[in-house]
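Below: the structure, in structure tokens.
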Amino acid sequence: MACKESQCPRPHGSESQDGQRPSFADVLTEYQRPIYNYLLRMTQNQAQAEDLTQETFIRVHRSLPSFRGEAKLSTWIYRIATNVSTDYFRRTATRHAEAAVSLDEMESDLATYHPSRLSERSLNKALRLRGKISTNASRSSSSSFSAVAPGS
């Protein structure tokens, strides 16, 4: 049996009591803490969870006028939070992958170069890089020595 729209039960949080869409302030009040806790469990980092919560509610604010009500409001907000966190983890994974080259890997790559196979430009670049590696290594060893014996 179909019910009239005014008599049908409404999902929690999908509309205000007067039948209008909830205000952003109401949504923020009701969901900010649960979304923060959800993102904190995902990130294990308070500052990052706060940033992602803020980004989630920026997206909620932008999209709230177009919320169609096909799903519960809470489901819709949690989906946005999940998408925000997925975007964050993709971005950080990409950054970590790009920064994963260590000095040891660069030095071992340099050791495999044979001068006869390198152009003059490549050889100069490799020698400059090798010099930077040895300079950084000597700086770190001399700075640790001076910290041990400041009067020397």
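Bear in mind these aren't lab numbers, they're just calculated from the coordinates by the rules spelled out. What you see is a predicted model; the values in this text were computed from it and never measured. Note that we place each Cβ from the backbone using ideal geometry, even for glycine, and neighbour counts take in every protein chain shown.
The smallest convex shape that holds all Cα atoms of the stretch 24-98, its convex hull, gives 90 Å³ per residue. Here the Karplus relation 6.51 cos²θ - 1.76 cosθ + 1.60, evaluated at θ = phi - 60°, turns the backbone of the stretch 32-45 into coupling constants of 4, 5, x, 5, 4, 4, 4, 6, 5, 5, 6, 9, 6, 8 Hz, with x for every Gly and Pro.
Packing, as the average of other Cβ atoms within 10 Å across residues, places the peptides 79-91, 58-70 in the order 79-91, 58-70, highest first. Think of the stretch 24-98 as having a plus end and a minus end, set by charges on the Cβ of Lys, Arg, Asp and Glu; of Ser85, Leu52, Leu40, Ser85 sits farthest toward the positive end of this dipole.
For Arg21, the residues whose modelled amide H falls within less than 5 Å of its own, excluding neighbours fewer than 5 places apart on the same chain, are Ser16.
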